Amino acid sequence: MSKLAAEQQAINLSQGFPDFDVPAALADMLSSYVHKGHNQYPPMMGVAYLREQIAVKTQSLYAAIVDPDTEVTVTSGATEALLVAIQAMVHPLDEVIVFDPAYDSYEPAVALCQGVTRHIPLLGPEFSIDWQRLKDTINARTRLLIINSPHNPTGAVLSAADLEQLATLLRDTDIYLLSDEVYEHMVFDGVAHHSVLSHPELRERAFVVSSFGKTYHATGWKVGYCIAPPDMTTEFRKIHQFVTFTTHTPTQWALAEFMEKHPEHYLGLGAFYQTKRDLFVRHMASSAFKCIPSPGTYFQLADYSAISDMPDTEFAIYLTSVCKVAAIPVSVFNAAPSEARLVRFCFAKQDDTLALAAERLSQLSKV
């Protein structure tokens, strides 16, 4: 869709990346570490300074004490962390449960292990977990369960009660948990992010993955990390060392210093993006789209059923080509065909870009 948006000279609200710069102080720190000579291989598990700052943040936000040496691994993006966690745990014919709509890197990673992906649809309109169906899907071959909160593409967030329900369901099983929390700092309306790290029982069986790219407006830097218990981290690193081995050195140093000196950045990120969400939804109010404000992430779903009966893939191409606004069709995140008329817009954009996109979308009548 980004390619089509460029070809059509459309406003790109499809792919999830900001159109604004990283914090100036962070950019200066990166340049400084390059010039100070931090340009050779760092330790395989990540620069110690950065792992220490990750541990400090984790304790501050989630009251979870993690060992930066044995439980934290820096990766070349969260996508690498997801792949490595799956490769470390899943064997041929093992089953992995995902919830649809699901981020599109999960199933290919399972397929590389010759595992089997079991898809469970989330329940609309809130996109909540169908606990009975989950219970019925779990069997002796279930090896791993993948959750994602805040959730891409829907923006749904898991509550403390959801985590407790999950703990009850997994108790007395050998099932591992992979928690994709890359949008952890983008939760709105006064709601807290409930990390698996804050739940001691779940944490014992979980890989928790996060992203510096999402948090610091630097998706192209491709730096993420994984927190897991020591025995699971050992297995994780056996794979990681032969995937990327390590991650860009000066970036790690710069992120560590910025985390230490500017915690207000991630602490204020929810308010920052809520302002953008509210602006976009407010401008879309005069359109024929139906937008229920997203609870989290920097994505906003829009129901276009009052505008068109086109399948969402066809409608997304129409929006890009005719309205000159690019979106992502939600059906591409589902294993089974979907009749829902939903597209996903990214609101990690400049305010005037969001206003102009909404103005164009508001001119749409029934097609």
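Data table
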item: Selection status of GLY37, touching a residue at least 24 places away in the same chain (Cβ under 8 Å), in the same structural domain as HIS194 (by TED's automatic domain parsing) and not aliphatic (A, V, I, L, M); result: no
item: Among the residues listed as HIS248, HIS194, the single one being over 21 Å from MET89 (Cα atoms), outside the structural domain of SER305 (by TED's automatic domain parsing) and out of contact with any Leu (no Cβ under 6 Å at 6 or more places or on another chain); result: HIS248
item: Residue list for the stretch 278-302, filter: part of a strand (DSSP E or B) and surrounded by fewer than 18 Cβ atoms within 10 Å (Cβ to Cβ); result: LYS290
item: For PHE207: the one exception among (1) under 18 Å from VAL72 (Cα atoms); (2) of a type in the set (Phe, Trp, Tyr); (3) touching a Lys or Arg at 6+ places or on another chain (Cβ under 9 Å); result: (3)
item: Long-range neighbours under 6 Å by Cβ, at least six apart or interchain, first residue buried (at least 20 other Cβ atoms within 10 Å of the Cβ) within the stretch 1-19, second at pLDDT below 90 and not in a helix (DSSP H, G or I); result: SER14/MET1
item: Subset of the stretch 12-44 [of a type in the set (Phe, Trp, Tyr), in a loop (DSSP other than H, G, I, E, B) and more than 30 Å from LYS324 (Cα to Cα)]; result: TYR41
item: Any hit, the stretch 260-277, residues being touching a strand residue (DSSP E or B) at 6+ places or on another chain (Cβ under 7 Å) and assigned to a helix (DSSP H, G or I); result: yes
item: Residue pairs meeting the criteria (Cβ under 7 Å; at least 6 apart or on separate chains; first more than 14 Å from MET44 (Cβ to Cβ), in the stretch 62-79; second modelled with pLDDT of 95 or more and part of a loop (DSSP other than H, G, I, E, B)); result: TYR62/SER195; GLU71/ALA228; GLU71/PRO229; GLY77/LYS222; GLY77/VAL223; ALA78/VAL182; THR79/SER105
item: Looking only at the stretch 305-357, and only at residues there that are in contact with a Gly (Cβ under 8 Å, 6 or more places away or on another chain) and in a loop (DSSP other than H, G, I, E, B), the one that is surrounded by the most Cβ atoms within 10 Å (Cβ to Cβ); result: ALA348
item: Selected residue (only one of ASN139, ASN152, ASN148 is of a type in the set (S, T, N, Q) and over 19 Å from the mean Cα position of the chain (by Cα)); result: ASN139
item: Residue match in the stretch 59-81 (condition: acidic (Asp, Glu), surrounded by fewer than 21 Cβ atoms within 10 Å (Cβ to Cβ) and in the same structural domain as GLU204 (by TED's automatic domain parsing)); result: yes
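The values are calculated or read from the model by the stated rules, or taken from the named source; none is laboratory data. On a predicted model such as this, the values are computed, not experimentally measured, just so you know. Don't worry about glycine lacking a Cβ; one is built from the backbone with ideal geometry, like all the others, and counts go over all protein chains shown.
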